[in-house]
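Please read the structure below before turning to the comments.
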Amino acid sequence: MMPASDIAFTPTVKALQAERGSRASYAKMEEQGGFRTTITEDLVEFLAGVDTAYLATSNAAGQPYAQHRGGPNGFIRVVGARTLAFADYAGNKQYVSTGNLADNDKAFLFLMDYAHRRRIKIWGRARVVSDDPALIATLMPEHYRARPEQAILFDVEAWDVNCPQHIPKKLDAAAVAAAASHLESRIAELEAENAALKSQIKRA
């Protein structure tokens, strides 16, 4: 049985790994089956904190295309043992990803967590669902200001975690604003306490 990592490690890739000295370590991973193929609790936990994803597709001629998809944390949902899904919002109406998936259902999700310097790669097959309003409604994040146009269902074939090397640490604006607000409140409290102490000293 072929290891799941063969979805990325073609014979050419393996030859390059052998040439450049990394084949042995990846061969050991392959002995254990390669990449993960099921949606684990670790992946579920990671998805709960994800607000940014990049969906890669290619057309019938093999021309690649990557498109940003985003929403509130957890906008990518687990809807089956090996299936992810998210609401696809109305946008500029180019429909490149939608058209590509109609011709070629192979797809790839690249998920980033800059704050914790983590990234996950997911290979699979995706399909567009535009005729199931109930499904689309269940995938729409509550109170999110966007108009859902369709849903994308992503069947996971393999996934892997990248090392944090070279990932810049970037913080979410809302998290920074909340931290700054807390600090401002604390500074105001300390300034009030300081003023009160100064007043007591003057009266002493």
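The values are calculated or read from the model by the stated rules, or taken from the named source; none is laboratory data. Bear in mind the structure is a predicted one, so any value in this text is a computation, not a measurement. Cβ coordinates were reconstructed from backbone atoms using ideal geometry, including for glycine residues, and neighbour counts include every protein chain displayed. With ligands, DNA and RNA removed, areas are computed over all heavy atoms of the protein, side chains included. Shrake-Rupley method; radii C 1.70, N 1.55, O 1.52, S 1.80 Å.
Of the complete DSSP H runs in the chain, those spanning 20 angstrom or more by Cα along the long axis with a mean Kyte-Doolittle score not below -1.0 are 173-203. For a modelled paramagnetic label at F110, 7 Å from Cα along Cα-to-Cβ, the residues of region 161-204 in reach, with backbone nitrogen under 17 Å, are 161-170. Near N104: Cβ cut-off under 15 Å, other residues only, Lys/Arg at +1 and Asp/Glu at -1. The net charge is -1. Note on region 36-156: Cα-Cα pairs beyond 19 Å make up 44% of the total pair count. Scaled to the globular estimate 2.2 N^0.38 Å, the Cα spread of region 109-204, given as radius of gyration, is 1.95.
Lysine pair count for the chain with Cα-Cα distance under 24 Å and sequence separation of 8 or more or different chains is 8.
Within the listed set E189, E31, E45, the residue fluctuating most in the Gaussian network model of the chain (springs between alpha-carbon atoms under 10 angstrom) is E189. Residue order by solvent-accessible surface for M29, M112 is M29, M112, largest first, with ligands and nucleic acids left out and a 1.4 Å probe. Placing one equal scatterer on every Cα of region 39-102 and applying the Debye formula, the log10 ratio I(q)/I(0) at q = 0.20 Å⁻¹ is -0.89.
With each label modelled as a point 7 angstrom along the Cα→C-beta vector, the A48-E19 pair spans 4.5 nm. Once the convex hull of all Cα atoms in the chain is built, its volume per residue stands at 202 Å³.
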